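One structure below.
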Amino acid sequence: GRKVAMIAVGKAAPAMAAAAQEILGARLGEALMIPKTTPQTHPAGMRVIPGGHPLPTEASLAAGSAALTLAASLDEKDLILCLISGGGSALMSAPVEGISLTDLQALTASLLACGASITEINCLRRRLDRVKGGGLARAAAPARVVSLILSDVIGSPLEAIASGPTVPDPTSRADALAILDKYGLTNSTPALVLSALR
């Protein structure tokens with residue numbers, strides 16, 4: 001009798017969502033797919049919100065909001081299946097209070113341009129976004145969260161894949177600030193971003 005919801009995010013979201021729907025059939029309730037582009041076909045009744053990539057866009061914010069709303073609608077009797085793959089960091093976003101989409105885009109572009117690693121970029125993303133670093137799992141509590149994670153990162157650190165929406169953040173505020181300092185970005189980073197990181 002458990003309600004089963006699903007969120008599929010990332011470049012592999014269409015294939016993962018289709019397979020899950022085929023297996024779960026009528027047991028699958030509300031479902032949200034957040035792919036890079038709208039697939040030609042997708043399971044009937046599944047909401048599809050393509051996000052932006054490699055930089056987050058307004059569509060990414062709509063996707064992040066929809067994901068948090070779906071997760072928060074569940075209770076302790078429910079289960080949410082989270083299908084997570086690479087690209088999800090940009091495709092699904094929900095900035096912390098005071099941070100704008102423009103701020104996120106500028107910071108991400110600066111980090112990409114200066115040669116920061118994906119691990120470093122995701123450290124900052126997790127600190128500035130309500131859906132990352134376990135944010136999706138927190139929103140779903142007390143529902144049961146089951147994650148199937150398809151890695152595109154060497155070594156498969158789970159917090160790095162889509163910035164770990166259902167995984168605890170192993171990094172600290174100090175780590176995030178040190179990355180900005182390492183690449184000489186502290187002085188050019190918007191004050192509100194620095195405030196959020198601190």
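Computed over the chain with a Gaussian network model linking Cα atoms closer than 10 Å, the most mobile of 19, 59, 113 is 113. Counting only protein chain heavy atoms and rolling a 1.4 Å probe, the accessible areas of 152, 129 rank, largest first, as 152, 129. With only Cα atoms counted, region 25-86 has Rg and Dmax values of 12.5, 36 Å. Ordering 147, 118, 191 by the projection of their Cα atoms onto the charge dipole of the chain, which places +1 on the Cβ of Lys and Arg and -1 on the Cβ of Asp and Glu, puts 147 at the extreme positive end. Using the Karplus relation 6.51 cos²θ - 1.76 cosθ + 1.60 with θ = phi - 60°, the per-residue 3J(HN,Hα) values for region 181-194 come to 5, 4, 9, x, 9, 4, 5, 9, 7, x, 4, 5, 5, 4 Hz, with x marking Gly and Pro.
Which whole-number percent of Cα pairs in region 1-56 have a distance greater than 17 Å? Each step should come with its number before you reach the end.
Numbers: 489 of 1540 pairs.
In whole percent, the share of Cα-Cα pairs in region 1-56 beyond 17 Å is 32.
Within region 91-198, the percentage of alpha carbon pairs spaced more than 24 angstrom apart rounds to 21%.
DSSP finds beta bridges in the chain, and of those with both partners inside it, around 5 percent are antiparallel. Considering region 90-151, its Cα convex hull presents a mean projected area of 4.9 nm².
Extending 7 Å from the Cα toward the beta-carbon at both residue 144 and residue 76 defines two label points whose distance is 1.4 nm.
For residue 11, the aspartates and glutamates whose Cα comes closer than 14 Å to its Cα, not counting residues fewer than 8 places off in the same chain, are 152. The simple spin-label model puts a point 7 Å past each Cα toward its Cβ; for residue 97 and residue 15 those points are separated by 4.2 nm. Mean-square fluctuations from a GNM of the chain, with a 10 angstrom spring cutoff on Cα atoms, peak among 90, 66, 15 at 15. Counting only lysines at least 8 places from residue 77 when in the same chain, those with an alpha carbon closer than 29 Å to its own are 3, 132.
Computed from point charges on the beta carbon alone (+1 for Lys and Arg, -1 for Asp and Glu), the dipole magnitude for region 102-171 about its Cα centre is near 260 Debye. The 1.4 Å probe gives accessible areas that order 172, 89, largest first, as 172, 89. Modelled spin labels at residue 198 and residue 2, positioned 7 Å past Cα toward Cβ, are 4.5 nm from each other. Rounded to the nearest 5, the antiparallel percentage of DSSP beta bridges internal to region 65-163 is 10%.
Remark: the chain carries a charge dipole of roughly 220 debye about the Cα centre, counting +1 on each Lys and Arg Cβ and -1 on each Asp and Glu Cβ.
The values are calculated or read from the model by the stated rules, or taken from the named source; none is laboratory data. Source: prediction; values computed, not measured. Note: ideal-geometry Cβ built from the backbone for every residue, glycine included; neighbour counts use all protein chains shown. To get the accessible areas, we keep the full protein, side chains included, count just its heavy atoms, and leave off ligands, DNA and RNA. Shrake-Rupley method; radii C 1.70, N 1.55, O 1.52, S 1.80 Å.
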